[in-house]
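Quick notes on the structure that follows.
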Amino acid sequence: MSLDVSPALLDQAERGEVEEKDFVDCVRVSLPYAWGMISALVAQLKVDGGEFADNQTPPPDEQARGQLLRALASDAIRGALERHFGVRLAFQNCHRVAVFPLDASVDDRLARFTSLRGQLLNQSPTLRDC
């Protein structure tokens, strides 16, 4: 299961539309490792500036890796996180999360990061089983 959905939030979803802030809070509580990593990268981007901030350290365990996969593979979760933090997210190799500002000036850098070439250049035998 991707998210730990409270009975109240499930009831709200069954009745109709869900408030995005409630969904984002559910993600924060359900996927604390992914939330923490993305939060830290957003803070790093704000402090350091630049075109993007990324994580190159593999998660400490499979549970943490699973949280990243769930957060970034779900269109709804990923989109809500991007809107909440005001960034664009990119993902490689089951652990390399990057945050890019919404500014169009970094579009070329984002395109390079998410390109076929970028994916191939980010390969390593130690990441074979991620």
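The values are calculated or read from the model by the stated rules, or taken from the named source; none is laboratory data. Please read all numbers here as calculations on a predicted model, not as lab measurements. Neighbour counts run over all protein chains shown; Cβ positions are idealised from the backbone, glycine included. All accessible areas refer to the heavy atoms of the entire protein, side chains included, with ligands and DNA or RNA removed. Shrake-Rupley method; radii C 1.70, N 1.55, O 1.52, S 1.80 Å.
Quick notes on this one:
- Between Leu116 and Asp61, residue separation times 0.36 nm minus the direct Cα-Cα distance comes to 17.1 nm.
- Ranked from largest to smallest solvent-accessible area, with a 1.4 Å probe on the protein heavy atoms, Arg15, Arg96 come out as Arg15, Arg96.
- For q = 0.18 Å⁻¹, Debye-computed log10 I/I(0) when each Cα of the stretch 48-117 counts as one equal scatterer: -0.72
- Principal axis extents of the C-alpha atoms in the chain (largest first, rounded to whole Å): 46, 35, 26.
- Ordered by 1.4 Å accessible area with all protein chains kept, Arg28, Arg78, Arg112 run largest first as Arg112, Arg28, Arg78.
- Across the stretch 76-90, computed HN-Hα scalar couplings (Karplus, 6.51 cos²θ - 1.76 cosθ + 1.60, θ = phi - 60°) run 5, 5, 4, x, 5, 5, 4, 5, 4, 8, x, 9, 10, 9, 9 Hz from first to last residue, x flagging Gly and Pro.
- For the stretch 18-110, applying the loop criterion from DSSP together with a ceiling of 13 other beta carbons within 10 Å to the GluC sites (Glu not before Pro) yields Glu19.
- Cα-centred dipole magnitude for the chain, charges only on beta-carbon of K, R (+1) and D, E (-1), debye, nearest 20: 480 debye
- Extension gain, Asp108 back to Asp48 (0.36 nm per residue minus Cα-Cα distance, nm): 19.7 nm
- Between Asn93 and Asp22, the simple label model (points 7 Å from Cα in the Cβ direction) yields a spacing of 4.0 nm.
- Its Cα gyration tensor gives the stretch 1-68 an equivalent ellipsoid, and the semi-axes of that ellipsoid, as √(5λ) in whole Å with the largest first, are 28, 16, 7.
- Entry note, the chain: the mean residue ellipticity at 222 nm calculated from DSSP H runs of n ≥ 4, each adding -39500 (n - 2.57), is -16500 deg cm²/dmol after division by the residues and rounding to the nearest 500.
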